[in-house]
1. What are the extents of the Cα atoms of the chain along their three principal axes, in Å, largest first?
2. Mind listing which chymotrypsin sites (Phe, Trp or Tyr not before Pro) in the stretch 37-145 are in a DSSP loop and have 10 or fewer other Cβ atoms within 10 Å?
3. Calculate the FRET efficiency for Arg50 and Ala110 from the Cβ-Cβ distance with a Förster distance of 25 Å, rounded to the nearest 0.05.
4. Please give the net charge around Thr21, taking every other residue with its beta carbon less than 11 angstrom from that of Thr21, where Lys and Arg add +1 and Asp and Glu add -1.
5. Run the quick spin-label model on Gln87 and Thr4: label points 7 Å from Cα toward the beta carbon, then report their separation in nm to one decimal.
6. Counting Lys and Arg as +1 and Asp and Glu as -1, what is the net charge of the other residues whose Cβ lies under 13 Å from the Cβ of Leu120?
7. Using a 1.4 Å probe over the heavy atoms of the protein chains, calculate the carbon and sulfur portion of the accessible area of the chain as a whole percent.
8. Gln100: net charge of surrounding residues, Cβ under 15 Å, Lys/Arg +1, Asp/Glu -1, itself excluded?
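The values are calculated or read from the model by the stated rules, or taken from the named source; none is laboratory data. Treat the numbers as computed from the prediction; the structure is a model and nothing was measured. Note that we place each Cβ from the backbone using ideal geometry, even for glycine, and neighbour counts take in every protein chain shown. Each accessible area value is taken on the protein alone, full model and side chains, heavy atoms only, with ligands, DNA and RNA left out. Shrake-Rupley method; radii C 1.70, N 1.55, O 1.52, S 1.80 Å.
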Amino acid sequence: MPATTLQAAIVIQLNLWLASTSSGDWQELASTHAPHLPHLLAARFDYDVRQGGFAQFLYNMHGHLLAQIEDMLITANAHVAHDFYVQAISLCLKNKADYQRFLASNYNEANPLKDQLHLLSVAYFAKKVDFQTEAHAFLVSGLPV
């Protein structure tokens, strides 16, 4: 398959996986889509981080499946994304009260942790290592045959 066709197939599949997560009920998704969960998490990670950085991603995940996300990043050989994800989680663990306030907020409220996560996202984007490129083989492995 030509590279452009393959990339288009990945983008289409990421959008399908992302649509599957629209309910936001990660416990339900984990039980009903267990075999595809890593790819669903990859789609959510890719979309949210591109749209609003680690703050948006962690806010949308509401503390669910954080270990599984790390496992997915490791399995995907997404070393840069994994490094920054670990840094984001470390910030949350160091600032538990701010993290809980952030998750309980409407996202737009001022929060020092959210600001730190935004700065971390800027550093991640400065690396210029796109998640779809970094996790290419993993994403291809999830394409329908």
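1. 48, 35, 24
2. For chymotrypsin sites (Phe, Trp or Tyr not before Pro) across the stretch 37-145 that sit outside H, G, I, E and B with at most 10 neighbouring Cβ atoms in 10 Å, the list is empty.
3. That pair, Arg50 with Ala110, gives E of 0.60.
4. Values: positive: Arg44; negative: Asp25, Glu28, Asp48.
Summing Lys/Arg as +1 and Asp/Glu as -1 gives -2.
5. In this crude label model, Gln87 to Thr4 measures out at 3.5 nm.
6. +1
7. 58 percent
8. Net charge in that neighbourhood comes out at +2.
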